[in-house]
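Colleague: I am attaching a structure below and will ask some questions about it afterwards.
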Amino acid sequence: MERHGIKPDEYERILELMGREPNLLELGLFSVMWSEHCSYKSSRVHLKTLPTTGPRVVQGPGENAGAVDIGNGLCAVFKIESHNHPSFIEPYQGAATGVGGIIRDIFTMGARPIALLNALRFGSLDAPLARRIFEGVVAGVGGYGNSIGIPTVGGEIVFDEMYSGNPLVNVLCLGISRIDGIVKGAAKGAGNPVFYVGAKTGRDGIHGATMASAEFDETSAEKRPAVQVGDPFMEKLLMEACLEVMKTGAVLGIQDMGAAGLSCATSEMGSRGGLGMTIDVMHVPQRETGMTPYEIMLSESQERMLLVVEKGREHEVTAVFEKWDLHAVQVGEVVEGSRLKILERGVLVADVPNRALTDEAPVYRRPMQEPSWQKAVQRLSLGDLGAPPSAQSAFDRLLTVPTIASKRWAYGQYDHSVGTNTIAQPGMSAAVVRVKGTATGLAVSVDGNGRFCYLDPYRGAMLAVAEAARNVACAGGEPIGGTNNLNFGNPERPEIMWQLGEAVRGIGEACRALGIPITGGNVSLYNETEGRAIFPTPVLGVVGLLEDATKTTTRAFKRAGAAVVLLGDNLGELGGSEYLATLHGKVAGQPPTLDLSREAAIQKLIVKLIRDGLVESAHDCSEGGLALTLAECTFDSGGIGVAVDLPEVRLKPDTTLGDTAADVASGFSRTFDVNATLFGESASRIVVSASGAQLEAVVAAAKAAGVMATVIGQTGGDRIQLSVGGTRVVDTAIADAEHVWATCIETQMGRR
Amino acid sequence: MKFAVVVFPGSNSDHDAFYAASEVIGEDAALVWHKDTDLQGADVVILPGGFAHGDYLRTGAIARFSPIMSAVKAFADRGGPVLGICNGFQVLLEAGLLPGAMVRNDRIKFVSRLVPVRVEQTDTPFTAACASTQVLHMPVAHGEGNYYADPDTLAEIEAHRQVVFRYSNAAGEVSPASNPNGSLNSIAGICNRQRNVVGLMPHPERATEAQLGSADGRVILASAVKSLASLAGR
């Protein structure tokens, strides 16, 4: 029982649902289906509070992926999913099969996948292990996506010591389907045959879902056999064949076999359709001899699909699969009732009510407790920080932080041009792809800040939603839907559960305020090694619609002589900033404040400004604050410099970075004012550039929208020149800064 | 005129080539399944990028056995213009329609970026509309694009002006610094002795619209249209 990850009280519940003792196979089914990974038993009560509806929602949570209406009879189908645990044990295959899994979720809905993004977290690149995992994950992400021909167009990568024993690999896939072409993962019509197609079933990945629902310890490497091996060529055949076969109309339901394999596909399709399913494992194509029903049902071999086909039209389905050299075999049929029956050569070997495995899986309202250290880490007095560095040295240092530096080393290994839809090149914040056959485009971004969430999971999660949506808006996209990936530690610990509960509450509140329905997602818990949890890391994926795909922009300045305008307020908030972490070695304070109505206003404004062609560039302020944002606007611009003078933020001498404490900081230095002005990470800020008469229009539009607009300087020259309150504090040649920024990760990865 | 784009099961740039030929250039185009034996009366054949049969053995190694390849060979033997892009180039090498071979990129990793390429020859059906030494910006996206040939073959290729494209910088200067994958003599594309079969690693079909980063590749497809028109006019 313990080996199956089933707790004694859960076993009692199984006895109740079954009305008898389960046999070993049945226990195995419960084990994988009731794992945290498949059942969401700890998170379900919280996830239910998220907003999931809206005028554009075509498909909300509960299916293989969510979908939102993008006009022209089409919908965007998308979801984010994690493959954290496998990627730690075997980085290349773990990441590759993570990509393969989310692609299957998308084409299973009848949508053609057109873009991939990923949110990755690794330990510090100073550690050889982190470099090895980073190298393997990037190669795996590329290896799978490049082969199958779906461009990897964007994402984010963060390096922090807190992820050294537990990297995060979250992958988002976006596809396009006709709204009337959506196919669901439900069984229909008793008597209809159930087909299996794709790779043969092997012994790989047995209990992968259970592994993903446990903490790591020093023996985790021994779990390597539980990581599956991906075959992108097989997936390519499956994708093309499935998309083709769904057009025949003979497929009534389809589901991929991901986590928990055949067990999950059979029980979920049955329970979603309110019907039963009977299959005989004898018919399941097997890679190895002597496999038991237990092994067949629990295998997580990749690239396999289960289909319910309309009786009498089997030949239409098999003909398409044969064209692609795939063999679709009938393994069973849909039956009246609600039981999943598994036969071995006609002999009944398992008989379970399918809802017992799915809807009736345990739901825990686990105890939540604010960590005892929470308030303490939020308090930080400037006086405790010691002497602040000069703005110039802080700027120079931040350019070499891998989290801030260019991720060219990674995306240079991703095919981002295949498909001929990619408008924004990777590294430009949000990804932008066009929708062929229409004038529209889609902007997509994935964001999350674990440091902010550690300091305040509620506000940190709101900031993640706001940043993802803001990035999409900065590319001209109106945010229309979201997906979330919740990466947390062990939910059996009340402090972790509190973090999760607070984060979900924050996501819900921000999504409601910004009008972004959550249409699906993924929860990854037990992200701990040796009892040490990662930062709580909710990652938000937001999809935005561009009515005219030609009306977009990037972060890079386009010409000299343009005015540089800061939209939003510069509040000089240093809490949880990269500056504090890198220059003062502290992860402390309150994360930046967020006024959701101001956030909504600035997002609406930037979408309008881009749509009306009034701004030449737009860049959201995040890690590294205004200084690094301005530097990034000069990078990839062909060397267009910038000179600005920022109004100085005046921190009160008694300012603490906590919100209530009033202890007077000793040793307070005015340099903090300058550094807070440059490196504070206040939310709801965007840097734009505009020329000539358009500048007046920008300022007028901002005024009408109630957004503060400050002309802070001009583009031109070949230097980054930043002044605060009239005093020049940073002055660097772009060529030098850009070289350091662009090659930082390459240099780190060149170390042995 | 009509383009035929061959579809191997693992082709992933087939639709891109089809879209460029039909929607961007505005010519007829057809997708031809690799198990077919007929090129549907096409005037130009494109072997697209991708991973034709998974390429777990050697890139393009199995594709040459696809039924359609007999038709492609016969078409090429008759002087018909054939363009192999990326994996399609690899297939042409494996099928013996072009000399040499591909090995792993010198820096081991997959390379994906926009690169400048210098046009070396303008007397092929795919460069007829180019200016001599014109520099084209096109994306590369490959793990095995490191062109290799034994010294005799290489000398022969150079002597017969079969190097059609070389990796260069934006000014058209060729040097090791502008070579993304270690290809001998910075070779990005070559043709056969008869000059009607051309293979290149960069993707012209992905560079036909400025909105996507470059429209420089358009001239390659336009060249095919131009050279066929001049043939017809003769």
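No lab work stands behind these numbers, since they all come straight from the coordinates. Keep in mind the model is a prediction, meaning the values are calculated, not measured. Counting neighbours? That spans all protein chains shown, and the Cβs are built from the backbone with ideal geometry, glycine included.
Colleague: Rank A:Ala424, A:Thr97, A:Thr727 by how far each Cα sits towards the positive end of the charge dipole of chain A (+1 on Lys, Arg Cβ; -1 on Asp, Glu Cβ) and give me just the farthest.
Modeller: Of the listed residues, the answer is A:Ala424.
Colleague: Here are some pairs, A:Lys236/B:Lys35; A:Lys7/A:Lys200; A:Lys41/A:Lys341; A:Lys79/A:Lys311; which of them have Cα atoms lying more than 22 Å apart in this structure? Kindly include the intermediate steps, with their values, before the conclusion.
Modeller: On the way: A:Lys236/B:Lys35 17 Å; A:Lys7/A:Lys200 32 Å; A:Lys41/A:Lys341 24 Å; A:Lys79/A:Lys311 31 Å.
The answer is A:Lys7/A:Lys200; A:Lys41/A:Lys341; A:Lys79/A:Lys311.
Colleague: Can you tell me the 0 to 90 degree angle between the C-alpha axis of helix A:232-246 and the longest principal axis of chain A, rounded to 10?
Modeller: It works out to around 70 degrees.
Colleague: Further question on the same structure: Give me a single rounded figure for A:420-427: the average over its residues of other chain Cβ atoms within 10 Å of their Cβ.
Modeller: Numbers: counts 17, 3, 5, 4, 1, 5, 2, 0.
Averaged over the peptide's residues, the number is 5.
Colleague: Can you give the average number of partner chain beta-carbon atoms within 10 Å of each beta-carbon in peptide B:1-10, as a whole number?
Modeller: Mean shielding by partner chains, rounded to a whole number: 2.
Colleague: Here is a follow-up. Place +1 on the Cβ of every Lys and Arg and -1 on the Cβ of every Asp and Glu in chain A, take the dipole about the Cα centre, and give the residue among A:Pro388, A:Thr519, A:Thr53 whose Cα lies farthest towards its positive end.
Modeller: A:Thr53
Colleague: Also, I was wondering about something else. Where does each of A:Ser577, B:Ser230 land when they are ranked from fewest to most other beta-carbon atoms within 10 angstrom? List each step's numbers first, then the result.
Modeller: Details: A:Ser577 30, B:Ser230 11.
Sorted ascending by nearby Cβ count, the order is B:Ser230, A:Ser577.
Colleague: Taking all pairs of different Cα atoms in the protein assembly as shown, averaging 1/r and flipping that mean, what Kirkwood radius in angstroms comes out? Present the calculation step by step, with values, prior to reporting the outcome.
Modeller: Values: mean 1/r = 0.0341 Å⁻¹.
With all distinct Cα pairs of the protein assembly as shown included, I get 29.3 Å.
Colleague: When Cβ neighbours within 10 Å are restricted to other protein chains, what is their mean count per residue of peptide A:408-418? Write down the numbers at each step before the final one.
Modeller: Numbers: counts 1, 1, 0, 2, 6, 7, 3, 13, 5, 16, 12.
Counting other chains' Cβ atoms within 10 Å and averaging over A:408-418 gives 6.
Colleague: A further question on this structure: Whole angstrom only: what separates the Cα centroid of the stretch A:38-65 from the Cα centroid of the stretch A:94-144?
Modeller: So the separation of the two Cα centres works out to 23 Å.
Colleague: Net charge within 12 Å of A:Ser617 by Cβ-Cβ distance, Lys/Arg positive one each and Asp/Glu negative one each, not counting A:Ser617 itself? Mind dumping the intermediate values first?
Modeller: On the way: positive: A:Arg555, A:Lys558, A:Arg559; negative: A:Glu616, A:Asp620, A:Glu632, A:Asp636.
Charge balance near A:Ser617 sits at -1.
Colleague: Further question: Only four residue types carry charge here, +1 at the Cβ of Lys and Arg and -1 at the Cβ of Asp and Glu. Report the dipole size of the protein assembly as shown about the Cα centre in Debye, rounded to the nearest 20. Let's see the in-between values first.
Modeller: Numbers: 86 positive and 109 negative charges, 229 e Å.
Taking the Cα centre of the protein assembly as shown as origin, the dipole is about 1100 debye.
Colleague: Also, I was wondering about something else. I'd like the antiparallel share, as a percent to the nearest 5, of DSSP beta bridges with both residues in the stretch B:2-233. Don't skip to the answer; put the middle values down first.
Modeller: Working: 22 of 38 bridges.
The antiparallel proportion sits near 60 percent.
Colleague: Full-extension gain between A:Lys247 and A:Ala387, please, as 0.36 nm times their residue separation minus the C-alpha to C-alpha distance. Numbers along the way, then the final one.
Modeller: Values: separation 140, 0.36 × 140 = 50.40 nm, distance 6.71 nm.
Result: 43.7 nm gained on full extension.
Colleague: Right, next: How far is the Cα center of the stretch B:159-207 from the Cα center of the stretch A:226-285, in Å?
Modeller: 44 Å
Colleague: OK, next. Using just the helices of chain B, give the 222 nm mean residue ellipticity in deg cm²/dmol: DSSP H runs with n ≥ 4 each add -39,500 (n - 2.57), and the total is spread over all residues, rounded to 500. Write out the running numbers ahead of the final one.
Modeller: Details: 5 runs with 49 residues, N = 234.
Estimated from H runs of four or more residues: -6000 deg cm²/dmol.
Colleague: Also, I was wondering about something else. Using only the alpha-carbon atoms, how far is helix A:494-514 inclined from the longest principal axis of chain A? Give it as 0 to 90 degrees, nearest 10.
Modeller: Result, in degrees: 70.
Colleague: So for the pair A:Arg512, B:Glu158, with labels modelled 7 Å out along Cα→Cβ, what separation do we get in nm?
Modeller: Distance between label points: 7.3 nm.
Colleague: List the GluC sites (Glu not before Pro) within the stretch B:132-234 that fall in a DSSP loop (any state other than H, G, I, E or B) and whose Cβ has at most 12 other Cβ atoms within 10 Å. List each step's numbers first, then the result.
Modeller: Values: sites: B:Glu144, B:Glu156, B:Glu158, B:Glu173, B:Glu205, B:Glu209; in loops: B:Glu144, B:Glu173.
Answer by residue number: B:Glu173.
Colleague: Round to the nearest 0.05 the FRET efficiency obtained for B:Asp150 and A:Thr727 when R0 = 41 Å and r is the Cβ-Cβ distance.
Modeller: Numbers: r = 66 Å, r/R0 = 1.60.
Using R0 = 41 Å, I get an efficiency of 0.05.
Colleague: Cross-link partners among lysines for A:Lys586, C-alpha distance below 24 Å, same-chain residues fewer than 8 apart left out?
Modeller: Straight-distance partners of A:Lys586: A:Lys375, A:Lys652.
Colleague: How high is the FRET efficiency from B:Asp28 to A:Glu547, r the C-beta distance, R0 45 Å, rounded to 0.05? Numbers along the way, then the final one.
Modeller: Values: r = 32 Å, r/R0 = 0.70.
Efficiency, from the Cβ-Cβ distance: 0.90.
Colleague: Let me know the charge dipole size of the stretch A:98-141 about its Cα centre in debye, to the nearest 20, where only the beta-carbon of Lys, Arg (+1) and Asp, Glu (-1) is charged. Intermediate values should be presented prior to the final figure.
Modeller: Values: 5 positive and 3 negative charges, 15 e Å.
Dipole about the Cα centre, nearest 20: 80 debye.
Colleague: By Kyte-Doolittle mean hydropathy of at least 0.5 and Cα axial length of at least 18 Å, which whole DSSP H helices of chain B are selected? Spell out each step's value before the answer.
Modeller: Details: long enough: B:218-233 (22 Å, 1.27).
The answer, listed by residue number, is B:218-233.
Colleague: Taking a cut-off of 18 Å between Cα atoms, list the lysines near A:Lys436, but don't count ones fewer than 8 places away on the same chain.
Modeller: A:Lys551
Colleague: Now for a different question. For the charge dipole of chain A, defined by +1 on Lys and Arg C-beta atoms and -1 on Asp and Glu C-beta atoms about the Cα centroid, which residue among A:Trp409, A:Val433, A:Leu238 has the Cα displaced farthest towards the positive pole?
Modeller: The residue sitting most towards the positive pole is A:Val433.
Colleague: Could I ask something else about it? Can you sort A:Ile182, A:Ile133 from fewest to most other Cβ atoms within 10 Å of each residue's own Cβ?
Modeller: Numbers: A:Ile182 18, A:Ile133 26.
In increasing order of surrounding Cβ atoms, one gets A:Ile182, A:Ile133.
Colleague: What is the fewest-to-most order of B:Leu98, A:Leu695 by other Cβ atoms lying within 10 Å of their Cβ?
Modeller: Working: B:Leu98 26, A:Leu695 20.
Going from least to most buried by this count: A:Leu695, B:Leu98.
Colleague: Between A:Ile179 and A:Val229, what is the spin-label point distance in nm, taking each point 7 Å from the Cα along the Cα→C-beta axis?
Modeller: Label-label distance for A:Ile179 and A:Val229, simple model: 4.5 nm.
Colleague: May I pose another question? Under unit Cβ charges (Lys, Arg +1; Asp, Glu -1), what dipole magnitude, rounded to 20 debye, does chain B have relative to its Cα centre? It would help to have the intermediate numbers written out before the result.
Modeller: Values: 19 positive and 23 negative charges, 33 e Å.
In total the dipole reaches around 160 debye.
Colleague: What number, rounded to the nearest 500 deg cm²/dmol, is the helix-based mean residue ellipticity at 222 nm of chain A, given -39500 (n - 2.57) per DSSP H run of at least four residues and division by all its residues?
Modeller: -10000 deg cm²/dmol
Colleague: Okay, next question. Enter the angle in degrees (range 0 to 90, nearest 10) between the Cα long axis of helix A:24-33 and the first principal axis of the Cα atoms of chain A, meaning the one along which they spread out most.
Modeller: 30 degrees
Colleague: Then there's this: Given the stretch A:306-404, report the % of alpha carbon pairs whose separation exceeds 18 Å. Present the calculation step by step, with values, prior to reporting the outcome.
Modeller: Numbers: 3727 of 4851 pairs.
That fraction is 77 percent.
Colleague: Can you pull out the chymotrypsin sites (Phe, Trp or Tyr not before Pro) in the stretch B:1-89 whose DSSP state is coil and whose Cβ has at most 16 other Cβ atoms within 10 Å? Don't jump to the answer; show the numbers that get you there.
Modeller: On the way: sites: B:Phe3, B:Phe18, B:Tyr19, B:Trp33, B:Phe51, B:Tyr56, B:Phe65, B:Phe75, B:Phe89; in loops: B:Phe51, B:Tyr56.
Here the chymotrypsin sites (Phe, Trp or Tyr not before Pro) that fit, given the DSSP loop and packing criteria, are B:Tyr56.
Colleague: Can you give the extra length, in nm with one decimal, that the chain gains between A:Glu344 and A:Asp718 once fully stretched, where that is 0.36 nm per residue apart less the Cα-Cα distance? Mind showing how you got there, number by number?
Modeller: Working: separation 374, 0.36 × 374 = 134.64 nm, distance 7.36 nm.
Once the chain is fully extended between A:Glu344 and A:Asp718, it gains 127.3 nm.
Colleague: Could you check the spin-label model distance between B:Ser132 and A:Thr53? Points 7 Å from the Cα along Cα→Cβ, value in nm.
Modeller: 7.2 nm
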